[in-house]
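The values are calculated or read from the model by the stated rules, or taken from the named source; none is laboratory data. In this text, all values refer to a predicted model and were calculated from it rather than measured experimentally. Cβ placement follows ideal geometry from the backbone for every residue including glycine, while neighbour counts extend to all protein chains displayed. The accessibility values were calculated without ligands, DNA or RNA, using every heavy atom of the protein model including side chains. Shrake-Rupley method; radii C 1.70, N 1.55, O 1.52, S 1.80 Å.
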Amino acid sequence: MPTIERVYTAESQVRDFSRVIRNMAEGCRVSPYMAYRLCRKDIANEYARSAFGFLWDFVEPFILGTIFYYLRRAAVVDPGAMPMPYSVFVIYGLLLYQTFSEATIQSTQLISRSKNLLTHVKLPAEALIMSVFFRVGFYSLFRIAVMFCFSVFLWHAAEADGLSSFSPLGFVNFVACFPLLILCGMSIGIFLAPFHAIYADVGRVVRIILMPLRYLSPVLWNLTGTMAVLDRVNPVAYMINNLRLLATANATHHLTGWIVVSVASGVVFLTGWLVFHLAIPVLAERA
Amino acid sequence: MTPLIAVENASRKYPRRANAHLTYGITDLFRELTGAKRRETLRRDEFWAVDHVSFEVKRGETLAFVGRNGSGKTTLLRMMAGLTKPDTGRITVRGRVQALMNLGAGFNMNLSGRENIRNAASMAGLSQDRVKRIYGDIVAFAEIGDFIDSPVGTYSQGMKARLGFSVAIHLAPELLLVDEILSVGDFGFQRKCFARMRRLKRDGVTIVLVSHNHGSITEFCDRAIWLDQGRLMADGPAEKTVRAYLDSLMTAQVAEQERHLQALKAATAEIMTHHIARRADTRYGPIHDEEDHVEGVRLRFLVNGREVDGLRCHDDVLLEYGFRLKKRVTDLNVSCVIFTEDGVKITAFSTLNGDLLTDVHEGEVRCSVHLPDFCLAPGKYVLLLPIHEGRSYLHRNVAKRFEVAGDGRLYWNPLDLRYTAHVVADGVERTVTYEPDPGLPSILSIGQVTVSDGRLHIRGWGLAPKPVTRVAVFLGDLFLGDATRGLIRNDVARSHPAYMNHHGGFEFNGAVPDPLPENAVLRVRAYGGDTLLAEQERPWPAEVVS
């Protein structure tokens, strides 16, 4: 077995960038099982004293969706014209946004939440990032299942109304592209995590922004008129609109914009990962 | 041989204040991200937790860090484990490292022991297959038994410690870093841990541990490093280093105790200063200085009609006191109680004798007491004036502190009594009335007078309140000579201190004058300097005359 040599110096790791990249790659190699165990630990811990477990995660979108469904039927809100039943629109919108929001918040809090672990165990940064991805992905499986059930249940009724609630091929594409949504949320969160580890205000700001953003995104309605411009600058809008259309009609909406947002998310994620990797040794005991 | 660990000039600093912690945290983060050089000097409110330390550890060596709490042991261990980034210097570690910073670190209290073993092993970098292979050994060593499927939160501290240690040692490290954790758990567990670490040591595992168990360190470790305030104080054989550390600790403790003692003395002195008056008062019994019932208490001494603050022994004193009763009182009486300053009660006189004040009910009360012979010996005294209603005190406080002056004589007791002494000595009876100074008597007594072979021989004794310098013998007015002193008969003198050292016998031996004067009278005179103190006459012995 080759001897492992580790050198800890006061110098910034950035000065030897190739070494940083090698370490990140090594982290990716050794982290999957670690991340899996961390993910299991976090999930088990989160619902250790709960009878219904993660089912609670569906309560809020279900209630909100129901309220807006009836508001729309009562013509209190006008979500605008749409190619799918409103209930499908709402449930997809809420669950997709919830996934994005969860990915963002979980990533932002990653260092501060792992403080106890990081002060006692030397963990690769990649294991922590992967654990968030696994965790959000795990919950997403249930959300995808719920969205699938909704789409299939209303499939024929929607077709009778000249609408589309499910496309088998589109749904496969939807599942394949779903990680882009998680990536989008995590890219923001991972980038902010080191700063949140020092100033908890960062996490509060993220939460405050995410709450109104739900109503300024195509979650419960299509933004029309002057508000439609928000769709153009809101990366979440590209994600939600396209994933929703993909699942229900195997179509896309501003595909170029979605690709740009996805690539940008990837770039931000890689930058955030680098920042996160570099920050962990500095912040492990300060979080 | 390449060392397993090389620590070169490693330092770590921390800020003392939490706010600074935030500011410096963000600064350090930006330096790390931008590649800027770290500041190697202390910023405001920072201190060195580890201060430029260098040493090496060889493969298979067992090393202990000793030092007081906060000396930087754990920080150094954490830097070696890669958990903390150094602020200066460089640490090179070759080999698989397992750090036991906290038994059960990363354990989740809601998960079972089984799940936590898998988690802990995976976080140490072990693959799933490897975890499966060592799982049985871990459980066996931990002796958790049927509790392995219970949540770790239900485990005792000892069980958690066993589980944590068991996981750590089964990860096959080349370097085991152990913080002060083996104090957890029972004695049996500690022995088991050390036995296992000895086995690891035999297998060539390098062990670095932080411990306050100095016995175990000297027994188990080859070498020890003593840290104090982040600085390396000593590095050498375990026993020698631990001894040096303990010696310094003892010195520091002695100095600390000395400082504590000084502080205690200062505090006590302050308390004494604040309460000395009160404490002094308690020597004279309970003090009731409140003025609920009585006010305007006053007392004075008069000698020859003039008020005085101090007295002389045997003065004719008029003591006057007065006060005002604020409300109606029945069964009133007032006492004057005299104590020596150090709290010995001398005497008391009260209005109870004669029921002088019983009928007084309220308003102004005045009283005077005539003391024709104030016979307190020279010294300092305190006069208390208890004012009672029945058996209850209305007021009881020091009314006057005064001093009685002496006349240069020595006194052993607080009272200087007048007396009359009847003395029988050598067949001679004498009655002496002691009139103290200024009329203190000088006494001269002629005892045996013999004439033989033309020589006159006289023996006698005397006493005086001042030194006798000369005893002269006369026959009529004819001076015969001075007596010699030496015969001590001080049984009378001993009874009164006033004659101390001024008493004694005398003896005269001189020629009988020839011719012998008619009607000659033998006179003996005692002088103090030029002052005649005493004189005694005796008719010339008839038998001699004849």
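For region B:207-249, the candidate set comprises residues that are touching a strand residue (DSSP E or B) at 6+ places or on another chain (Cβ under 8 Å) and in a loop (DSSP other than H, G, I, E, B); within that set, the residue that is surrounded by the most Cβ atoms within 10 Å (Cβ to Cβ) is B:CYS221. Figure legend. Inter-residue proximity from region A:46-59: first residues in a helix (DSSP H, G or I), second residues small (Gly, Ala, Ser), beta-carbon distance below 9 Å, spacing 6+ or different chains. Indicated pairs: A:GLU46/A:GLY53; A:TRP56/A:SER50.
When the residues of region B:149-168 are filtered to those that are open to solvent by 40 Å² or more (accessible area, probe 1.4 Å) and among the hydroxyl-bearing types (Ser, Thr, Tyr), the one that is modelled with the lowest pLDDT is B:SER156. If you go through region A:253-287 and pick out every residue that is outside any helix (DSSP H, G or I) and within 11 Å of another protein chain (Cβ to nearest Cβ), you end up with 4.
For region A:191-215, enumerate the residues that are among the β-branched types (Val, Ile, Thr) and open to solvent by less than 30 Å² (accessible area, probe 1.4 Å). If the condition is that a residue be among the β-branched types (Val, Ile, Thr) and open to solvent by less than 30 Å² (accessible area, probe 1.4 Å), then A:ILE198, A:VAL206 are the ones that fit. Applying the criterion of at least 1 residues that are open to solvent by 50 Å² or more (accessible area, probe 1.4 Å), in contact with a strand residue (DSSP E or B) (Cβ under 6 Å, 6 or more places away or on another chain) and not small (Gly, Ala, Ser) to the strands (runs of 3 or more DSSP E) found wholly in region B:280-376 leaves B:294-303, B:306-308, B:315-325, B:345-350, B:363-374. With respect to the conditions (1) more than 30 Å from B:GLY125 (Cβ to Cβ); (2) buried (at least 19 other Cβ atoms within 10 Å of the Cβ); (3) not charged (D, E, K, R), A:LEU169 lacks only one, and its number is (2).
Once region A:216-256 is narrowed to residues that are of a type in the set (Gly, Ala, Ser) and open to solvent by 40 Å² or more (accessible area, probe 1.4 Å), the residue that is modelled with the highest pLDDT is A:ALA249.
From the list A:ILE111, A:ILE105, the lone residue that is over 19 Å from B:ALA121 (Cα atoms), within 14 Å of chain B (Cβ to nearest Cβ) and touching a residue at least 40 places away in the same chain (Cβ under 8 Å) is A:ILE111.
Residue pairs whose Cβ atoms lie under 6 Å apart, separated by 6 or more positions or on different chains, with the first residue in region A:25-41 and polar (S, T, N, Q) and the second open to solvent by 10 Å² or more (accessible area, probe 1.4 Å), are A:SER31/A:PRO124; A:SER31/A:MET130. For region B:25-46, a residue qualifies if it is of a type outside the set (A, V, I, L, M) and assigned to a helix (DSSP H, G or I), and the qualifying residues are B:GLY25, B:THR27, B:ASP28, B:PHE30, B:ARG31, B:GLU32, B:THR34. Flag: B:ARG59 does not match the condition of being more than 27 Å from B:ARG94 (Cα to Cα) and touching a residue at least 60 places away in the same chain (Cβ under 8 Å).
Looking across region B:427-471 at every residue that is in a loop (DSSP other than H, G, I, E, B) and open to solvent by 60 Å² or more (accessible area, probe 1.4 Å), the one that is modelled with the highest pLDDT is identified as B:ASP453. Across region A:114-145, the qualifying residues are those that are within 27 Å of A:VAL59 (Cα to Cα) and in contact with a Cys (Cβ under 6 Å, 6 or more places away or on another chain), and the one among them that is nearest to the other protein chains (Cβ to nearest Cβ) is A:SER131. Within region A:1-27, restricting attention to residues that are assigned to a helix (DSSP H, G or I) and crowded, with 16+ Cβ neighbours inside 10 Å, the residue that is nearest to the other protein chains (Cβ to nearest Cβ) is A:VAL14. Taking the conditions exactly as written (at pLDDT 90 or above, surrounded by fewer than 18 Cβ atoms within 10 Å (Cβ to Cβ) and either touching a Lys or Arg at 6+ places or on another chain (Cβ under 8 Å) or over 30 Å from B:ARG31 (Cα atoms) (or both)), does A:ILE259 satisfy them or not? Yes; evaluated as a whole, the condition is true for this residue. Give the residue, chosen from A:PHE100, A:PHE148, A:PHE134, that is crowded, with 24+ Cβ neighbours inside 10 Å, touching a helix residue (DSSP H, G or I) at 6+ places or on another chain (Cβ under 8 Å) and outside any loop (DSSP other than H, G, I, E, B). None of the others qualify; the one that does is A:PHE100. Checked against (1) assigned to a loop (DSSP other than H, G, I, E, B); (2) modelled with pLDDT of 85 or more, B:GLY185 passes all but condition (2).
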